[in-house]
1. Hey, among the residues in the range A:82-119 that are within 15 Å of ligand 1 (Cβ to nearest atom) and hydroxyl-bearing (Ser, Thr, Tyr), which one's nearest to residue A:346 (Cα to Cα)?
2. Which one of these is buried (at least 17 other Cβ atoms within 10 Å of the Cβ), free of Cβ contacts under 8 Å to residues at least 40 places away in the same chain and among the hydrophobic types (A, V, I, L, M, F, W, C): B:17, B:76, B:92, B:41?
3. Regarding residue A:242, is this residue over 26 Å from residue A:273 (Cβ atoms), among the hydroxyl-bearing types (Ser, Thr, Tyr) and not assigned by TED's automatic domain parsing to the domain that holds residue A:345?
4. Has the range A:375-390 got any residue that is under 27 Å from residue A:207 (Cβ atoms) and within 20 Å of the chain's Cα centre (by Cα)?
5. Against the conditions (1) touching a Gly at 6+ places or on another chain (Cβ under 8 Å); (2) aliphatic (A, V, I, L, M); (3) surrounded by 24 or more Cβ atoms within 10 Å (Cβ to Cβ), where does residue A:360 fall short? Just the number, please.
6. Of all residues in the range B:111-134, how many are of a type in the set (A, V, I, L, M), out of contact with any Asp or Glu (no Cβ under 8 Å at 6 or more places or on another chain) and modelled with pLDDT of 95 or more?
7. Going through the range A:276-285 one residue at a time, which ones are surrounded by 15 or more Cβ atoms within 10 Å (Cβ to Cβ) and of a type outside the set (Gly, Ala, Ser)?
8. Given the residues A:137, A:146, A:132, which is the only one that is β-branched (Val, Ile, Thr), farther than 23 Å from residue A:210 by Cβ and within 16 Å of ligand 1 (Cβ to nearest atom)?
Amino acid sequence: MAVTLPIYLDNHATTPLDPRVLDEMLPYLTQHFGNAASRNHSFGWTANEAVERAREQVAALIGADPKEIIFTSGATESDNLGIIGAARFNSKKGKHIITSKLEHKAVLDSCHALESEGFEITFLDSDPDGIVKPAQVEAAIRPDTVLCAIMMANNEIGTINPIAEIGAVCRRHNVIFHVDAVQALGRVAIDVTAMNVDLMAISAHKMYGPKGIGALYVRRGRPRIRLEPLIHGGGHERGLRSGTLPVHQIVGLGAAAKYALEALQNGENDRIRALRDRLWEGLQKNLDHLYINGSWEHRLPNNLNCSFAYVEGEALMMGIKAIACSSGSACTSASLEPSYVLRALGVDVELAHTSMRFGVGRFNTEEEIDFAIELITEKVRWLRQMSPLYELVQEGVDLKTIQWAAH
Amino acid sequence: MAYSDKLIEHYENPRNMGSLDKNADDVGTGLVGAPACGDVMKLQLKINDDGIIEDAKFKTFGCGSAIASSSLVTEMVKGKSIDFAEGIKNTMIAEELALPPVKIHCSVLAEDAIKAAIADYRKKQAERAATPSE
Ligand SMILES: Cc1ncc(COP(=O)(O)O)c(C=O)c1O
Ligand code: FES
């Protein structure tokens, strides 16, 4: 089978919209255009029914009650609302928050924003495996700790944290537990009750739904979590998030959640894992000096993050234009700083510059993976021919013994 | 990032990629940059007794702009005098390749590499002159 180029292997950045999801959304952009808050006519009732069905679908994916789901504009807003909203509401209890250096910017910057309100933040360090240890969290808890925010799976290296164990620690110490689950949805089975999660950030566009829609799970049972809203207005979503509900987007999120739950049960993740493993094994067979970043064992089935030593990441991406992926190299970023996640893991800066992230998805095929292996192999070999570092290493020189003029 | 056609062309078909004998008296080698910064450039110039650059070769670890800058610079100096090569400014490279602002430093590296290669050549020549012939 011929492959169509370019090949999309950047499913951590976003996923394509599942055509089945689009089909479910379309009627709510045309004939069912009602405002879900209109209580007095069928246009409103139809819209409201669709919203409530989606709320059930999202709740089912994470083992929650539909009443615990608040629709937002995406996981960035959910992280802001969960962390800032809960911290502000509970600030009389204490002003200390725990998070990790590997979190998404939506979490890190929400925490930084709270610093200006007198909150103190502990940013946990990471081992090279990229996994947050429950004991680390427990050791950081103080009498004034109100909230702990740890992601379920990392968006760069795909590592999966022991959320249930960390949740048990937080519950024992009466600390609110916020979890960014964006990358794990449909890839890891989630049960917010069993895992003792109090707040969970959800996004549609990483699970084959549309962009610009997400949700925040807010525990209502024991303990009941209270938040200060960030967006004020008509009192939608139990007053926690005002704004006319984007019904078609919410329908898309609900449908995406339904198929994500299916993916956990129908073997989709085994198929994706096999494709990811095929990619990694194929590359390893052809090339030497490859390094995995973060734990291989505790990793999303769709993630491959590895370093191609002596080949700079942006140059490699230019060479493999037919494959959409991303790199942690400084040369790809406006700041010219290599990935903060890889830095926090303690990955050598040299290796961070040569790192690549591949994210396999629902619509990738074996033919595409085989094409990718061939193209990446060819370009890495070519760029290594061009690399003065590879030449030095071939000559037996230890690069660490050279006096480089840092600039 | 959106790059110029010229830059992409140099990246895809780099000129003068390779190495010269770094121990030869008439070859000057410049190795600049640092792996930790994500860019290392090796530039070698073979210079005859009349001070003309007969050959130039490069190897670069760095982004596409760094590769294109080094390729272009080897093209600029080949067949030219040392004096001409010393006068090359990074702005000439940046303009020619239409480098975006964040990539200007990649052209600075190419200018540094030329200067380092010429300095190495001069050092070798001075050492040779100082060695009494048998
Ligand atoms: C782990 C994680 N959290 C949050 C977000 C932000 O989600 P959204 O794009 O829905 O705001 C992303 C996506 O970039 C992510 O990967
Ligand atoms: S080598 Fe890093 S930006 Fe050019």
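The values are calculated or read from the model by the stated rules, or taken from the named source; none is laboratory data. On a predicted model such as this, the values are computed, not experimentally measured, just so you know. FYI the Cβ positions are ideal-geometry reconstructions off the backbone, even for glycines, and counts take in every protein chain you see.
1. A:100
2. After applying the criteria, what remains is B:76.
3. yes
4. Kept after step one, since they are under 27 Å from residue A:207 (Cβ atoms), are these residues of the range A:375-390: A:376.
Filter once more, keeping what is within 20 Å of the chain's Cα centre (by Cα): none.
Among the residues of the range A:375-390, not one is under 27 Å from residue A:207 (Cβ atoms) and within 20 Å of the chain's Cα centre (by Cα), which makes the answer no.
5. Answer for residue A:360: the failing condition is (1).
6. Of the residues in the range B:111-134, the ones of a type in the set (A, V, I, L, M) are B:113-114, B:116-119, B:126, B:129-130.
From what is left, the residues that are out of contact with any Asp or Glu (no Cβ under 8 Å at 6 or more places or on another chain) are B:113, B:116-117, B:119, B:126, B:129-130.
Add one more test, that the residue is modelled with pLDDT of 95 or more, and what stays is B:113, B:116-117, B:119.
Number satisfying all stated conditions: 4.
7. Within the range A:276-285, A:276, A:278, A:279, A:280, A:283 qualify.
8. Of the residues listed, the single one that is β-branched (Val, Ile, Thr), farther than 23 Å from residue A:210 by Cβ and within 16 Å of ligand 1 (Cβ to nearest atom) is A:132.
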